[in-house]
Amino acid sequence: MSPLAEITTPVFRQIVRNFSPETHLYSEMLSAASIIRGGFHNEYRYQVNETDHPFSFQLLGTDPAIMAEAAQFLTSNTKYSIDINMGCSAPEILAKQQGAALLLNHKLACQIIQQCKLKTGGCVSVKMRAGYSKLDSKLTIEFAKRLEDSGADWITIHGRHAKQGYSRLANWKIVNEVGKNLSIPVIGNGDITDFEKAKNYYQSKEIKGIMIGRYAVQKPWIFHKLIKDQNNITKTDTIDLLVLSKSISTNLQNFLPNEFHKSRGRRFYYYYCKNFKIWPFTFLKNQR
Ligand SMILES: Cc1cc2nc3c(=O)[nH]c(=O)nc-3n(C[C@H](O)[C@H](O)[C@H](O)COP(=O)(O)O)c2cc1C
């Protein structure tokens with residue numbers, strides 16, 4: 001399951017986990033500097049469910065020492081791992097040399113991995129764009145290999161460059177090429193928008209796994225369905241969309257502070273409401 005700002009809260013993660021115990025979950029991206037400074041309502045941003053494991057906190061930042069300190073604070077005495085955000089392409093993040101801007105500073109990106117590994121002694125992964133302003137597989141492979149040499153345990157590639165934002169389709173050719181050239185696991189991400197696509201990419205020999213973002217907010221049971229399909233289990237489940245919706249909205253209210261309700265609710269329902277397109281026939285029960 002992708003890390004998604006204002007969506008992958010403990011409340012949403014619990015929904016995914018209820019369907020699939022195996023899926024690797026991520027927190028929303030967390031500012032390392034804010035973790036260290038004790039930012040407003042941080043405790044809600046990094047709270048975890050007992051059932052979250054396997055799970056990574058995703059960190060955003062640029063100073064290796066601050067990133068390492070935040071990583072240690074979040075993971076000490078836990079089995080959770082750290083993921084470094086090298087994919088966010090929002091202009092205000094790039095301006096601070098964070099997120100995908102790290103693709104332009106290989107040395108700094110490697111130092112972040114090295115120091116986080118040293119301080120936590122645990123797994124450190126990277127989620128990155130396939131480039132900064134162009135898709136050049138040679139350059140991307142070179143960068144990913146440097147991350148691997150610095151100790152990254154796995155790398156997730158979103159098959160678009162940062163300047164693309166979400167325009168054009170994710171390029172899975174470059175994702176597969178990176179997968180072919182690295183020894184650590186490479187996870188592919190970008191534009192998995194239906195079950196067939198998920199199944200095809202999941203079976204790709206070049207990569208070790210897939211990460212799904214927006215489509216999994218619409219259909220949080222997608223991971224369960226994939227694993228069931230792979231194991232040839234034919235039982236059909238019925239999902240009650242209204243029960244799931246109620247559980248999300250009630251738990252957002254019960255477990256998150258008032259200031260978070262509107263933003264978290266709005267973001268979730270933007271994707272989830274895509275299930276209700278074919279009114280009214282699939283309104284109450286939806287089989288997918
Ligand atoms: C609302 C939203 C929030 C996101 N937040 C994060 C984030 O916190 N960290 C991150 O690495 N990527 C973030 N992303 C990028 C996704 O994790 C993912 O890479 C991207 O959406 C492509 O995957 P998809 O086509 O399956 O959605 C976000 C994307 C969206 C749409």
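Rule-based calculations on the coordinates, nothing more; no lab input. Quick caveat, the model's predicted, so the values are computed rather than measured. Glycine also receives a Cβ, built like all others from the backbone with ideal geometry; neighbour counts cover every protein chain displayed.
Using a Förster distance of 30 angstrom, determine the FRET efficiency expected from the C-beta separation of residue 238 and residue 169, and round it to 0.05.
In this case the efficiency is close to 0.40.
Relative contact order for region 130-203: what is it in percent, counting Cα pairs under 8 Å that are at least 6 residues apart?
Across region 130-203, relative contact order equals 35 percent.
Over 21 Å between Cα atoms: which of 180/208; 163/277; 208/228 fall into that group?
Going by Cα-Cα distance, 163/277 fall outside the 21 Å limit.
Report the calculated FRET efficiency for residue 15 and residue 138 (r = Cβ-Cβ distance, R0 = 41 Å), to the nearest 0.05.
Working from the Cβ atoms, E equals 0.50.
Full extension from residue 73 to residue 269: what is 0.36 nm times the residue separation minus their Cα-Cα distance, to one decimal in nm?
67.3 nm
So, counting K/R as plus one and D/E as minus one, what does the shell of residues with Cβ under 12 Å around residue 101 add up to?
So the surrounding residues net to +2.
Which whole-number percentage describes the relative contact order of the chain, with Cα contacts under 8 Å and a sequence gap of 6 or more?
Taking the mean separation of contacting Cα pairs over the length of the chain, I get 15 percent.
Which length gain, in nm to one decimal place, applies between residue 50 and residue 108 when the Cα-Cα distance is subtracted from 0.36 nm times their residue separation?
Answer, rounded to one decimal: 17.5 nm.
Pull out the extension gain between residue 41 and residue 196, defined as 0.36 nm times the separation in residues minus the alpha carbon to alpha carbon distance; nm, one decimal.
Answer, rounded to one decimal: 51.8 nm.
Loop only per DSSP, at most 10 neighbouring Cβ atoms within 10 Å: give me the trypsin sites (Lys or Arg not before Pro) in region 171-211, ordered by residue number.
Passing both the DSSP loop test and the Cβ count: 205.
Considering only DSSP beta bridges with both partners in the chain, what is the antiparallel share in %, to the nearest 5?
Once the DSSP bridges in the chain are tallied, antiparallel ones form about 5 percent.
Taking the Cα centre of region 94-179 as origin, work out the dipole magnitude from +1 charges on Lys and Arg Cβ and -1 charges on Asp and Glu Cβ, in debye rounded to 20.
Here region 94-179 has a charge dipole of around 300 debye.
Tell me which GluC sites (Glu not before Pro) from region 43-102 have a DSSP coil assignment and no more than 11 other beta carbons within 10 Å of their own.
Loop-located and lightly packed - 50.
Restricting things to alpha carbons, tell me how big the chain is in terms of Rg and Dmax, in Å.
Looking at the chain, its Cα Rg and Dmax stand at 18.5, 55 Å.
Based solely on its DSSP helices, what 222 nm [θ] is calculated for the chain when runs of n ≥ 4 H residues each add -39,500 (n - 2.57) and the sum is averaged over all residues, nearest 500 deg cm²/dmol?
-13000 deg cm²/dmol
Order of 37, 267 from fewest to most other C-beta atoms within 10 Å?
The fewest-first ordering by Cβ neighbours comes to 37, 267.
Would you list, by chain and number, the aspartates and glutamates whose Cα falls below 14 Å from the Cα of residue 138, excluding same-chain residues fewer than 8 positions away?
Within reach: 177.
What does the charge dipole of the chain about its Cα centre add up to, to the nearest 20 debye, if the Cβ of each Lys and Arg holds +1 and the Cβ of each Asp and Glu holds -1?
Charge dipole, the chain, about its Cα centre: 720 debye, nearest 20.
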